[in-house]
Amino acid sequence: MLPLSIRTSALSAKASVVICGETGQVIWGSNENFRMPMASTTKIMTGLLLCEYGNLEREIVTTKEMVTVEGSSMGLLQGDTVSLKALLYGLLLASGNDAANTIAIVVGGSVENFVNMMNERALALGLEDTHFETPSGLDGDTHYTTCYELALIAREAMKNEEFAKAVSTESITVSYGNPPYNRRITNHNRLLKTYDDVVGVKTGFTKKSGRCLVSAARSEGRYVIAVTLDAPDDWDDHRYLLDLGLDSVNVVNIKPDNDKIDISVTSGEEQSITAQVEDINICAVKGAQTRCEVNINPCIVAPVKEGEILGEAVYFVNDEAVALRQIIAPKAIKQKGVGKYAAFSDILMHIISFL
């Protein structure tokens, strides 16, 4: 984490963090590992699961169970015809609890099953201080996260093209109702209009949680995510945190020691094949240590097909793996014309050489 001697005492948030959006590195944080309620920023996970469910053009007809929920709403009524895409925008822009409830029942079969899916997804991300009780973010005794883990959820969600497109949208016209008619939905995220580089993500508020906000910004290859929980002056907090984050990262090039490697091939008409190892550009905190580790499959045996996977290159920032690229065969190599016993002997000797 970068040292900070600035005006962090002037931030209104009880907890805050800003991370590098590509690597997940913490740039700066305050109480970022404290468990706290997160209100409608919960809907980041709900929206991610909907996008991963897919088939967003599918239309459903709402039931009383789907639309009976308190709090903010996109205006759904029992018997409305609505697409999953419209639900996504109603969830993430209008922060509709009715949209969250409907998504939960459509995707999970029930709200309870969907909440279990949310918690399972959090565990799959390695999150230990996040637990969901509702798909909408209504307060609950066991509904909590931390600034840091919420930033990681947002980082994962922003990898999804449909999700990222939705949260970067200022307003959109969608059709739903009985019969459907056009409605204009406007994003509650004021930063989309007041901070040039902002590309999302989600607002939230309850009396228990206070004002909650997750934002993300991209500029010239740099990418950061900021989170505040219980922040009365969250808009200004985020302008400051995003400025800090973008100033603290840059785009680095991670290269292998050799961009071309010779790989042994057993029983082939050629004894080796030369493969290319990519270098990559990635956003990382300034001063981070980077390296590339090349791992070749231990036994490459002819015939080798063009495009066959021969191994992988793993790219590290401060010893954390942040990217992976496959190393593929640039051409085919035929098996040499020898008897099957000689070929088997070649393979056996090749395996023994790795023991």
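The values are calculated or read from the model by the stated rules, or taken from the named source; none is laboratory data. Bear in mind that the values here come from a model prediction, so they are computed numbers and not experimental data. Please note: Cβ atoms are built from the backbone with ideal geometry, for glycine as well, and neighbour counts cover all protein chains shown.
Looking at N160, is it within 29 Å of D80 (Cβ to Cβ) and touching a Cys at 6+ places or on another chain (Cβ under 6 Å)? Spelling it out, N160 is indeed within 29 Å of D80 (Cβ to Cβ) and touching a Cys at 6+ places or on another chain (Cβ under 6 Å). Scoring D141 on the criteria (1) loosely packed, with under 15 Cβ neighbours inside 10 Å; (2) at pLDDT 95 or above; (3) among the acidic types (D, E) leaves a single failure, condition (2). I'm checking my understanding of the structure. Among residues of the stretch 221-241 that are part of a loop (DSSP other than H, G, I, E, B) and small (G, A, S), which one is farthest from E22 (Cα to Cα)? Within the stretch 221-241, the match that is farthest from E22 (Cα to Cα) is A231. Within the stretch 296-323, residues that are in the same structural domain as K260 (by TED's automatic domain parsing) and under 30 Å from K286 (Cβ atoms) sit with their Cβ atoms under 6 Å from residues that are at pLDDT 95 or above and aromatic (F, W, Y), at 6+ positions apart or across chains, in these pairs: V322/Y315; A323/Y315.
Within the stretch 201-260, the residues that satisfy the criterion of being touching a Leu at 6+ places or on another chain (Cβ under 8 Å) and aromatic (F, W, Y) are W235, Y240. Taking the stretch 116-168 as the range and being within 16 Å of D230 (Cα to Cα), of a type in the set (V, I, T) and either without any contact (Cβ under 8 Å) to a residue 60 or more places away in the chain or not in a loop (DSSP other than H, G, I, E, B) (or both) as the test, only T145 passes. In the set I328, I309, I282, only one residue is at pLDDT 95 or above, buried (at least 17 other Cβ atoms within 10 Å of the Cβ) and either within 16 Å of E22 (Cβ to Cβ) or among the β-branched types (V, I, T) (or both); that residue is I282. Filtering G140, G108, G126, G96 for residues that are in contact with a Gly (Cβ under 6 Å, 6 or more places away or on another chain) and not hydrophobic (A, V, I, L, M, F, W, C) leaves a single hit, G96.
If you go through the stretch 120-148 and keep only what is over 26 Å from S30 (Cβ atoms) and touching a strand residue (DSSP E or B) at 6+ places or on another chain (Cβ under 6 Å), you end up with nothing.
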